[in-house]
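First the structure, in the form of structure tokens, and then the observations on it.
The values are calculated or read from the model by the stated rules, or taken from the named source; none is laboratory data. Keep in mind that this is a model prediction, so the values were computed, not measured. Cβ placement follows ideal geometry from the backbone for every residue including glycine, while neighbour counts extend to all protein chains displayed.
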Amino acid sequence: MWMSRSCVVWPLSLWRADSLHPRWTGLLLALALLTTGCASLAPPPGRRVNLNDMPRGADGATFVERPRVSEAPERLHHVELEMAKHQAIHGGGDWRLGRLWPGEWNQLIMGALRDAETAAGRMLTRNEILKVAARYMKDYNIPMNFVSGRGR
Amino acid sequence: MSEDRSWQGAWKVRLHERVRERGYASLTAFAEARPTASLVALAEELGKDDLNAVQVFSGLVAEAERSHQLTRLARGQLVRELFEGLPNGWPAVLDDTNRFEVAHALARWISYTPETHKERARQILVALLATPPPPGWRPLGPDDELLHALLPDEEV
């Protein structure tokens, strides 16, 4: 695992809307953005991102299915987040509080996605999940100026 | 867009200083004077670059816990989410698009409802979908009659 002063979390758009699991795009954003330990996802500075790298569970299983590089769409986005801010949104400035803090990211966004699906009476589309996530990013003052991976 | 500094320094102190500077005795009083403003709008008014919406919510919960006004806070937050999420009021017909907008607003409300009131909020979500309010319903404050009926004060 490579540790960085800043967190780089990706991907946002590795899936096509018509891929098998479009709904997981936004969920991965929500999860990967702040929960999976961004250090493990961060490419070392100055090196190219290996699009075939992806988060894995404790059992080594891949987190979700996604296309291989040759099938990936054109754009790769990532969000950079300072470690201090990353910790703050989980603990409200006091890392030890973790999920006890009422504004904890995981609690807010994951609960909202579940409740929205229940209320909608169906699975949310990829764009709807991203819309939910984008609103919370605004609430946390997390910038949404995603950077194209090609520009790096 | 200038850089966000909302997590730098003692944000709780900063939050309450800004409220006092604007002539309010509490964050709750500041927010109640703007009953339909979103948490983001409240945060931007208090400190565009160094406070954020989640911090405002956290501060409101802390004050409501102390004053036993959590139910009123929950009603007030539903007002804010509906005002932002359903600008034309409650839709007359819940087609697929409308239903997502309603679901989104209500789900956000539940996420910004204190833990003690979350289950009650989920029951209200079900009730609102089963028996929709009048088309165009857009409560303007926590004292809205229908809101009171859905979530009456219970704290002493």
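Structure summary
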quantity	calculated
Count of residues meeting criterion [at pLDDT 95 or above, over 30 Å from B:Val13 (Cβ atoms) and of a type in the set (D, E, K, R)] in the stretch B:51-98	0
Among (1) more than 11 Å from chain A (Cβ to nearest Cβ); (2) not in a helix (DSSP H, G or I) - the single one B:Phe30 does not satisfy	(2)
Test result for B:Leu46, within 23 Å of A:Arg135 (Cα to Cα), of a type in the set (A, V, I, L, M) and touching a residue at least 40 places away in the same chain (Cβ under 8 Å)	no
First in the stretch B:104-120 and more than 7 Å from chain A (Cβ to nearest Cβ) and crowded, with 24+ Cβ neighbours inside 10 Å, second anywhere and among the polar types (S, T, N, Q) and assigned to a helix (DSSP H, G or I), Cβ under 8 Å, 6 or more apart	B:Tyr112/B:Gln77; B:Thr113/B:Gln77
Any hit, the stretch B:114-133, residues being within 15 Å of B:Glu84 (Cα to Cα) and either among the aliphatic types (A, V, I, L, M) or out of contact with any strand residue (DSSP E or B) (no Cβ under 9 Å at 6 or more places or on another chain) (or both)	no
Qualifying residue in the stretch B:8-21 (condition: outside any loop (DSSP other than H, G, I, E, B), touching a helix residue (DSSP H, G or I) at 6+ places or on another chain (Cβ under 8 Å), more than 11 Å from chain A (Cβ to nearest Cβ) and of a type in the set (Phe, Trp, Tyr))	no
Positions within the stretch B:35-53 being more than 11 Å from the chain's Cα centre (by Cα) and not small (Gly, Ala, Ser), in sequence order	B:Glu44, B:Glu45, B:Leu46, B:Lys48, B:Asp49, B:Asp50, B:Leu51, B:Asn52
Every residue from the stretch B:1-13 that is buried (at least 18 other Cβ atoms within 10 Å of the Cβ) and either over 28 Å from A:Met144 (Cα atoms) or not hydrophobic (A, V, I, L, M, F, W, C) (or both)	B:Asp4, B:Ser6
Selection count where residues are within 13 Å of chain A (Cβ to nearest Cβ) and surrounded by fewer than 17 Cβ atoms within 10 Å (Cβ to Cβ), scope the stretch B:33-51	3
Subset of the stretch B:134-156 (residues that are surrounded by fewer than 15 Cβ atoms within 10 Å (Cβ to Cβ), within 15 Å of B:Leu82 (Cβ to Cβ) and among the hydrophobic types (A, V, I, L, M, F, W, C))	B:Leu140, B:Leu146
